[in-house]
1. Tell me which residues come under 5 Å, amide H to amide H, from N5 once H is placed; ignore anything under 5 positions away on its chain.
2. Would you work out the relative contact order for the chain, in percent, from Cα pairs under 8 angstrom that are 6 or more residues apart?
3. Find which of G54, I64, H82 sits farthest along the positive direction of the dipole of the chain, computed with +1 on the beta-carbon of Lys and Arg, -1 on that of Asp and Glu, about the Cα centre.
4. Order these by the 10 Å Cβ neighbour count, fewest first: D47, D34.
5. What residues qualify as long-range amide H neighbours of N56, i.e. H under 5 Å apart, gap of 5 or more or another chain, H built at 1.01 Å from N?
6. So how many Lys-Lys pairs in segment 6-80 land under 18 Å Cα to Cα, not counting same-chain pairs under 8 apart?
7. Show me, for segment 60-71, the HN-Hα J-couplings you get by feeding each phi into the Karplus relation (A = 6.51, B = -1.76, C = 1.60, θ = phi - 60°), rounded to Hz, glycine and proline as x.
8. Put a dot 7 Å past each Cα toward the Cβ at M19 and V80; how far apart are the dots in nm?
Amino acid sequence: MDDKNPLINHIAKLHTTEMGVDRIKRNLTLETEDVVAYCKRKILDSDCRIYKQGKNWYCEIDHIRITVNSHSYTIITAHVMHTRS
């Protein structure tokens with residue numbers, strides 16, 4: 001286990017709701033049906049920046065931010081991060 005953070009230690013608990021699947025697919029324009037596996041791969045990537053703010057974990061990689069509830073390990077949403085000019 002990676003002591004880096006509890007989210008990594010409990011990655012097997014990661015899940016989402018039906019509405020979460022629809023929201024993530026729409027926000028990231030994903031074609032995959034397994035958005036949980038997609039998010040797990042992103043979160044486990046060594047380049048992923050993971051931090052906790054309030055009740056949520058935020059995982060940033062490849063210009064996307066994945067939001068995970070820190071108590072239930074539910075993927076709430078994911079968004080493309082736009083750079084400011």
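Just so you know, all these numbers are worked out from the coordinates, no wet-lab data involved. Bear in mind the structure is a predicted one, so any value in this text is a computation, not a measurement. Cβ placement follows ideal geometry from the backbone for every residue including glycine, while neighbour counts extend to all protein chains displayed.
1. none
2. 27 percent
3. G54
4. Sorted ascending by nearby Cβ count, the order is D47, D34.
5. The list, which skips near neighbours in sequence, is S70.
6. For segment 6-80, the number of qualifying lysine pairs is 8.
7. 10, 7, 6, 6, 10, 10, 9, 10, 10, 5, 6, 9
8. Between V80 and M19, the label points sit 2.4 nm apart.
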